[in-house]
Amino acid sequence: MNPQVLVCGAGPVGLTMAAELARYGVGIRIIDRAAQRTDKSKALVLWSRTLELLDRSGCSGAFVAAGHRVEAANLIAGDRRVGHVSLAAIDSPYPYALMLPQSETERLLEAHLASLGIRVEREVELAGFTDNGEGVTANLTRADESAETLTVDWLIGCDGAHSTVRHTLGLPFGGETLRSDWILADVHVTGMKTPFDELVIYFHEDGVLVLFPITPGRYRIIADVGRSEGLAPADPTLDAVQRIVDRRGPDGLHLSDPIWLSAFRINERKVETYRAGRVFVAGDAAHVHSPAGGQGMNTGMQDAFNLAWKLALICRGTVAGDRLLDSYGVERSTVGAQVLTAASRMTALAVIKNPAAQAVRNWIGGLLFGLSPVRRTMANTLSEISIGYPHSPLTGPGLHGLDGPAPGERVRPIPDQAPIGEGAMPRFALFGRPDPAIDDLLREHGDLLEPDLRPPLADDSLWLVRPDGYVACVATDADVGRIDDYLKALSR
Ligand SMILES: Cc1cc2nc3c(=O)[nH]c(=O)nc-3n(C[C@H](O)[C@H](O)[C@H](O)COP(=O)(O)OP(=O)(O)OC[C@H]3O[C@@H](n4cnc5c(N)ncnc54)[C@H](O)[C@@H]3O)c2cc1C
């Protein structure tokens with residue numbers, strides 16, 4: 001039997017998508033034209049919200065065990081520390097940035113996928129496809145030059161920045177390539193005085209330098225190096241990186257044993273539409289941005305978490321209609337635009353070259369970082385726990401003066417409670433006080449609701465929470481009909 005969904009691309013986003021769909025019992029195949037996973041550290045940070053979502057899938061423990069926790073970020077200008085942001089205040093069971101090379105993240109995701117009985121088909125390329133409204137016919141080619149025509153209900157392009165799926169759909173990838181070149185080095189460093197669980201950003205008159213701890217003694221270094229001639233900047237030598245560190249960083253650092261030396265330019269681009277008929281794009285296929293803030297991979301993986309439960313409800317026939325699937329693009333395009341803007345602003349501040357403007361930046365930065373609400377907002381934004389969908393078409397009504405999360409907001413995972421949506425079917429959770437009318441509701445919507453009522457989140461209200469942990473709507477105890485209406489409207 002043909003699978004229902006073809007996932008094109010087995011980077012972190014495709015692997016997350018495939019694992020989520022597989023655990024919800026959707027028939028899938030996942031292909032990648034590359035012979036093997038990346039061996040590069042590329043995206044280094046797993047943020048709190050991504051770990052919370054991996055927890056629902058039952059696999060966050062393996063990531064936490066393999067990664068290194070960074071608990072604070074420092075901002076140094078000249079020889080002065082102008083900012084220190086503690087990540088411990090992040091309101092999550094994962095109050096830190098988990099440093100884990102992307103190669104490891106992909107290894108763990110692939111192992112999780114294998115535990116669900118799905119294997120990545122490597123050296124299989126999506127050459128093209130057509131969507132006739134009833135299904136998608138995909139043309140696959142193999143490294144041995146054999147070919148296959150596969151028909152599926154849905155195709156998801158998780159095929160990276162140069163996405164075949166996006167190109168075939170003709171989706172414009174609007175944006176620009178920034179006018180600065182960057183170098184990246186994964187190296188061993190001795191002489192670092194900053195605690196190993198803190199990252200450091202140095203603002204220097206030449207440009208920015210950032211040191212991220214990866215594993216004991218090993219760091220990721222990135223720095224902007226102005227604009228070079230040519231189509232692509234040349235990879236740096238270890239000596240060149242050492243010279244940059246000597247000039248912009250603290251005294252006494254010694255670099256050795258490079259694991260990866262590279263150079264890159266920053267693209268800031270995004271599609272407007274994440275869905276065309278029976279085809280979706282997610283991750284770098286839909287948005288690319290500056291690595292400032294380490295949001296790219298996290299945002300892409302969260303695209304996957306968002307789409308998977310919706311598509312699973314459709315594939316399993318629990319919900320019909322387009323409204324649910326259309327909400328994927330509305331919700332994630334808004335988040336993608338916010339992430340792109342924030343990363344762009346951070347990058348623009350980091351690469352200021354005018355000395356007077358640098359002085360103003362450093363002074364204002366010092367003032368702002370002195371304010372604890374600013375530090376808290378920054379930590380909550382970076383960790384992506386402040387992401388919500390207040391303006392989504394899926395977000396229902398709330399209550400005035402509500403004590404507790406409002407519609408569209410994330411529900412913080414509750415200690416000792418099973419994660420919302422962890423089961424084999426995507427289900428909404430209902431939080432409230434026991435009542436016969438609620439028992440009727442749980443029975444009537446048994447295919448959409450977790451069987452057991454959970455304790456109220458705050459006062460005497462009823463919270464309906466989506467399988468991905470965001471509040472769908474809130475009603476008074478007496479207004480069970482509001483929840484009923486919401487669930488019935490999902491099939492529109
Ligand atoms: C140098 C560098 C540093 C980075 N640093 C960070 C960071 O610090 N933080 C962060 O969050 N992000 C960072 N990123 C970005 C991060 O790596 C990406 O956001 C992430 O890899 C996107 O995942 P993805 O699964 O969407 O795409 P990819 O990882 O690009 O995976 C796409 C996959 O699709 C496959 N594919 C493509 N076309 C086809 C086809 N036609 N048929 C079959 N398979 C196909 C490819 O082989 C590939 O395996 C960095 C990237 C680079 C290059």
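General observations
- Taking 7 Å steps out from each Cα toward its Cβ at residue 123 and residue 79 produces label points 5.9 nm apart.
- Of all DSSP beta bridges in the chain, antiparallel share, percent nearest 5: 75 percent
- Charge dipole magnitude, Cβ of K and R +1, D and E -1 - the range 389-492, Cα centre, debye nearest 20: 400 debye
- Leading residue at positive end of dipole, the chain (Cβ point charges), from 187, 436, 13: 187
- Helix 102-115 axis, angle to the chain major axis (alpha carbon atoms, nearest 10°): 20 degrees
- Since only 167, 202, 113 are under comparison, the one whose Cα sits farthest along the positive direction of the charge dipole of the range 47-206, derived from C-beta charges on Lys, Arg, Asp and Glu, is 202.
- Overall, the ratio between the Cα radius of gyration of the range 1-54 and 2.2 N^0.38 Å, rounded to two decimals, is 1.29.
- Lys, Arg +1 and Asp, Glu -1 on Cβ, resulting dipole of the range 175-268 about Cα centre, debye, nearest 20: 80 debye
- Between the alpha-carbon centres of the range 92-169 and the range 449-475 there is a gap of 33 Å.
- Virtual paramagnetic centre 7 Å along Cα→Cβ of residue 263, amide N under 19 Å, in the range 162-205: 177-187
- Percent of C-alpha pairs per 10 Å bin, the range 389-492, short to long: 16, 55, 29, 1
- Comparing the range 48-160 with the 2.2 N^0.38 Å rule of thumb, its C-alpha radius of gyration ratio is 1.57 (two decimals).
- Protection-proxy order for peptides 293-300, 280-287, 81-88, 108-115, each taking the mean of Cβ atoms within 10 Å per residue, highest first: 280-287, 293-300, 108-115, 81-88
- For the range 389-492, averaging the sequence separation of C-alpha pairs within contact (under 8 Å, six or more residues apart) and dividing by the residue count gives a relative contact order of 32 percent.
- Taking each of 270/488; 193/353; 42/270; 270/353 in turn, the alpha-carbon distance tops 29 angstrom for 270/488.
- The range 175-268 - percent relative contact order, Cα under 8 Å, separation 6 or more: 46 percent
- Near residue 217: Cβ cut-off under 13 Å, other residues only, Lys/Arg at +1 and Asp/Glu at -1. The net charge is 0.
- Taking Cα atoms only, the orientation of helix 480-489 departs from the longest principal axis of the chain by about 80 degrees.
- Scattering profile of the range 175-268 at q = 0.17 Å⁻¹ [log10 I(q)/I(0), Debye over alpha-carbon scatterers]: -0.71
- Based on Cα contacts under 8 Å between residues 6+ apart, the chain shows a relative contact order of 16 percent.
- For the chain, the longest principal axis of the Cα atoms and the long axis of helix 355-369 meet at an angle of about 50 degrees.
- Among 418-427, 156-165, 247-256, the order from most to least packed when residues are scored by Cβ within 10 Å on average: 156-165, 418-427, 247-256
- Only DSSP H runs of four or more residues enter the estimate; each adds -39500 (n - 2.57), and after division by the residues of the chain the mean residue ellipticity at 222 nm equals -9500 deg cm²/dmol.
- Local electrostatic count, residue 226, Cβ distance below 10 Å [Lys/Arg +1, Asp/Glu -1]: 0
- Residue-count net charge about residue 446 - beta-carbon cut-off 15 Å; Lys, Arg +1, Asp, Glu -1: -3
- The smallest convex shape that holds all Cα atoms of the chain, its convex hull, gives 149 Å³ per residue.
- Ordering of 386-399, 126-139 by packing [mean C-beta count within 10 Å, highest first]: 386-399, 126-139
- On the beta carbon distance between residue 367 and residue 316, with R0 = 56 Å, the FRET formula returns roughly 0.55.
Quick note: the coordinates plus some simple rules give every number you see, no bench work behind them. These numbers come from a predicted model, not from an experiment. Glycine gets a Cβ as well: all are built from the backbone with ideal geometry, and neighbour counts include every protein chain shown.
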